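The next block holds one structure in the form of structure tokens; read it before the comments.
The values are calculated or read from the model by the stated rules, or taken from the named source; none is laboratory data. What you see is a predicted model; the values in this text were computed from it and never measured. Neighbour counts are summed over all protein chains in view; Cβ atoms, including those assigned to glycine, are modelled from backbone coordinates with ideal geometry. We work out accessible area using only protein heavy atoms, side chains counted, and drop any ligands, DNA or RNA first. Shrake-Rupley method; radii C 1.70, N 1.55, O 1.52, S 1.80 Å.
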Amino acid sequence: MLRLHDTASGRTEELETRAPGRAGLYICGSTVYGPPHIGHGRFSLVYDILRRFLEYRGMAVDHVSNVTDIDDKIINKANEEHRSSEDVAAQYEEEWWGAMSSLGCLLPTQIPHATAFIEQMVELISALAGRGSAYETSDGVYFAVSAVADYGLLAHQSLDSLRSGARVEVNEEKRSPLDFALWKKAKPGEPWWASPWGPGRPGWHTECVVMSLALLGDGFDLHGGGQDLIFPHHENERAQSVAVGRPFARRWMHNGMVEARGGEKMSKSLGNVLLLSDLFEQTDPRAYRLLVLQSHYRAPIEVTTTTLGDAESALDRLDMLSGRLAEAVAAAEPSDEAAAGGSAAGGSGAGGSGAGAEVRRAFVERMQDDLDTPGATAGLFDAIRKANVAFDARESSRGAELAQAVLECFGAVGLEAKRAAEIPESVLELGRRRDRARAGRDFSAADSLRAEIVGLGYVVEDTPGGTRIRR
Ligand SMILES: [Zn+2]
């Protein structure tokens, strides 16, 4: 079973779900007021990898991720650009899903929009006010954090220490600087919805608590997001749920941040924030998924041209392997049981024994240990090396078995191999002529054939199985 680090308990524990075989995940999504950047890409990849791995292990996953389509930032942007906040939100939501699709992220199974849940949010705020956990001021309705005995659970700080660290408050009507807005009364010209406190809009922390409980139910399995959301966003979501007596998320998962630094800058940047669209211009989007896989999800990652370039080179090795597997399968005679084709058809599958089964077993074991994707990925690259050794030694069956396991495991975390560009038959024929020349000990002919192949832009390698040509 998957073990995950739980932010609330500070321990790594088994993910025991409410319903066996089914996991309900709520992942805080995007506030759509600007183009998505690499930090958004990372959290989307982390939770896509988690979801895909759970599905690979046979679980059904309810993956809910919201779109915050009403917020101060959206309103500010709309005012700056003299257009409606709906217009701003629609444009950036489209950009968001386009970028996620380029990253190969599955669409969440449900995508609630904040503006579709305003009525339920008003109900929650009314319930909180009815219990004395919320109070009205001239500009909105606030949650009184003193109403929750264990406020600070996720931050791992006491209410007193959080209070002393809080910023000096300008709003004198708030009872504590930690109290947060549940409802914001509309200023002239702002979008608004009706409420018992007059026209206004909900606060961000109220959106997620309402949508997660509405779609996944009380005590849902896991709540995730970036580490920057632990406090105050997730602390405040939880506080509202506790204050109305509803069990909230059983587990909390948070991913580390992205550090874009180093001397080698990428082409364009918005302040220090690199956009996903810039990244896609410069690199295979799969390289970013691989970079995310090669880092532990709780650790920071550094995204530079160097780290992305290294990931692209590693991808070449995966793509090359996929090409070699296809060649081995094509070369095998259907009637030849011992050849690669026979093995390729019959030797795969999780229940198999031997080299492929060992690759799968090690992969699953690493992934189940708090998603140790760096360990799992290193194991798969080691298996790529072994598969190439086997193919070089003309052990096609072993090579194919290893290659299939590697492709399956990478596929389980959303990284698909592409066939490396095919080598034209005329070039392959030059390689075969070179092998015949070498077999006949005509080394000067072999050398000139090598020079001819290299002159066409290919790399020539000598292997025990003969000449190997790569682009
Ligand atoms: Zn949220």
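Stretching the chain fully between R468 and F443 yields a gain of 7.3 nm (0.36 nm per residue, less the alpha carbon separation). Near the amide H of H37, within less than 5 Å, lie the amide hydrogens of L276, all on another chain or at least 5 residues away, with H placed in the peptide plane. Note on R471: accessible area approximately 140 square angstrom, rounded to 10, probe 1.4 Å, nucleic acids and ligands left out.
Using a probe of 1.4 angstrom and keeping all protein chains present, the accessible surface of the chain works out to 45 square angstrom per residue. Here the range 403-471 exposes an accessible surface that is 50 percent carbon and sulfur, computed with a 1.4 Å probe and the other protein chains kept in place. If you plug the beta carbon distance of Q157 and A90 into 1/(1 + (r/R0)^6) with R0 = 60 Å, you get a FRET efficiency near 0.95. Approximating the spin labels as points 7 Å out from Cα along Cα→Cβ, the M1-to-I111 distance works out to 3.3 nm. In straight-distance terms, cross-link reach from K174 covers every one of the aspartates and glutamates whose alpha-carbon lies under 18 Å from its own, apart from those fewer than eight places away in the same chain; here that gives E136, D139, D160. Antiparallel beta bridges, as assigned by DSSP with both residues in the chain, represent about 50 percent of the total such bridges. Once the chain from R385 to V168 is taken as fully extended at 0.36 nm per residue, the excess over their C-alpha distance is 72.3 nm. Its Cα gyration tensor gives the range 155-201 an equivalent ellipsoid. The semi-axes, each the square root of 5 times an eigenvalue, are 29, 12, 9 Å from largest down.
Relative to one another, the C-alpha centroids of the range 18-63 and the range 198-217 are positioned 19 Å apart. Each helix, a run of at least 4 DSSP H residues, gives -39500 (n - 2.57); summed and divided by the residues of the chain, these come to -15000 deg cm²/dmol at 222 nm.
Taking each residue as 0.36 nm, the span from E55 to H82 lengthens on full extension beyond its C-alpha to C-alpha distance by 5.3 nm. The packing ranking, built from the mean of other Cβ atoms within 10 Å per residue, places the peptides 126-137, 232-243, 40-51, 445-456 in the order 40-51, 232-243, 126-137, 445-456, highest first. Between L2 and L15, the built amide H atoms are under 5 Å apart, and every one of these is 5 or more places off in sequence or on another chain. With Cα atoms defining each centre, the range 99-176 and the range 431-454 are spaced 73 Å apart in the structure.
In this structure, D72 and S102 have a Cβ-Cβ separation that, at R0 = 30 Å, corresponds to a calculated FRET efficiency of about 0.55.
In this simple spin-label approximation, V459 and E281 carry label points 7 Å from Cα along the Cα→Cβ vector, and these lie 2.9 nm apart. Residues whose amide H falls under 5 Å from that of A393, counting only those 5 or more places apart or on a different chain, are absent, with hydrogens built in the peptide plane.
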